[in-house]
1. Go through (1) β-branched (Val, Ile, Thr); (2) in a helix (DSSP H, G or I); (3) buried (at least 20 other Cβ atoms within 10 Å of the Cβ) one by one and return the number of the condition Ile146 breaks.
2. Quick check: is even one residue across the range 104-112 within 21 Å of Asp24 (Cβ to Cβ) and of a type in the set (A, V, I, L, M)?
3. Output the number of the condition that Ser140 fails; it satisfies all remaining conditions of (1) free of Cβ contacts under 8 Å to residues at least 60 places away in the same chain; (2) within 23 Å of Lys25 (Cα to Cα); (3) crowded, with 19+ Cβ neighbours inside 10 Å; (4) not charged (D, E, K, R).
4. Give me a count of the residues in the range 57-75 that are among the small types (Gly, Ala, Ser) and farther than 13 Å from Ala115 by Cα.
5. Is there a residue being under 29 Å from Glu170 (Cα atoms), in contact with a helix residue (DSSP H, G or I) (Cβ under 8 Å, 6 or more places away or on another chain) and either among the charged types (D, E, K, R) or crowded, with 17+ Cβ neighbours inside 10 Å (or both) anywhere in the range 77-94?
6. Which of (1) within 10 Å of the chain's Cα centre (by Cα); (2) buried (at least 21 other Cβ atoms within 10 Å of the Cβ) does Ser102 not meet, given it meets every other one?
7. Restricting the search to the range 9-38, which residues are farther than 23 Å from Val88 by Cβ, in contact with a helix residue (DSSP H, G or I) (Cβ under 6 Å, 6 or more places away or on another chain) and either in a helix (DSSP H, G or I) or charged (D, E, K, R) (or both)?
8. Kindly evaluate Phe32 against the criterion of being more than 17 Å from the chain's Cα centre (by Cα) and surrounded by fewer than 20 Cβ atoms within 10 Å (Cβ to Cβ).
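Every number in this text was worked out from the coordinates using simple rules, so none of it is lab data. Please read these numbers as outputs of a predicted model, since none were measured by experiment. Cβ coordinates were reconstructed from backbone atoms using ideal geometry, including for glycine residues, and neighbour counts include every protein chain displayed.
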Amino acid sequence: MPLLNLDGDILIYIQEHIRSSVLDKIFPNITFLGDAGIFWLILTAILLCFRKTRRAGVCSAIALLGSLILNNFILKPLVNRTRPYELVDGLVLIGKKAKDASFPSGHTGASIASAVALCRHLKKRWSVPLLILALMIAFSRLYIGIHYPTDVLAGLIDGIALGLMAWAIEGCLFRKTAWYPGITEECSTTVEQGEGAVTEGK
């Protein structure tokens, strides 16, 4: 298949022209940050602990849950794609073999979904580095030879979609419920103060 051949050719190109002894030590550690979404789960838990960052944490939690359901419970079993190191001649895997299917990249999907979701409520000085880290995790999956480029591309696309979906769901929850301890009261106080200022102005 032409697409499969192109996928394999890209991985072989990375192996022959980009891999180095230094990067071989760096990228496995970067990919580790996406194992089971560990980095994003810890970050989300920390954000949920503080009132000022709670909405960002909720956004990220929704995105990560969506990624788990879509990528791990639906798409991977449905497509059931064999890992590239099993099919691409000459491709050498860095690290341990995976136990699940290849398509899509769960590391990519979860990382991008969480990073995009966090952009909603975090300032650029935090959200931009997180987006860069998510992209590095995505590339690391190609670098170590555990995913096809189309696996990563699919994870990238559904990660963006899930991150944006999390924006909408979190916004709806925030408007319709008092689910965020401290935040709803703070917003109500701000609104009341604003209304008072308008009244005084009149």
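1. Ile146 satisfies every listed condition except (2).
2. Looking for residues that are within 21 Å of Asp24 (Cβ to Cβ) and of a type in the set (A, V, I, L, M), one finds none in the range 104-112, hence no.
3. Going through the list (1) free of Cβ contacts under 8 Å to residues at least 60 places away in the same chain; (2) within 23 Å of Lys25 (Cα to Cα); (3) crowded, with 19+ Cβ neighbours inside 10 Å; (4) not charged (D, E, K, R), Ser140 breaks only (1).
4. Qualifying residue count, the range 57-75: 1.
5. No, the range 77-94 has no match at all.
6. Result: Ser102 passes all but (1).
7. Gly37
8. No.
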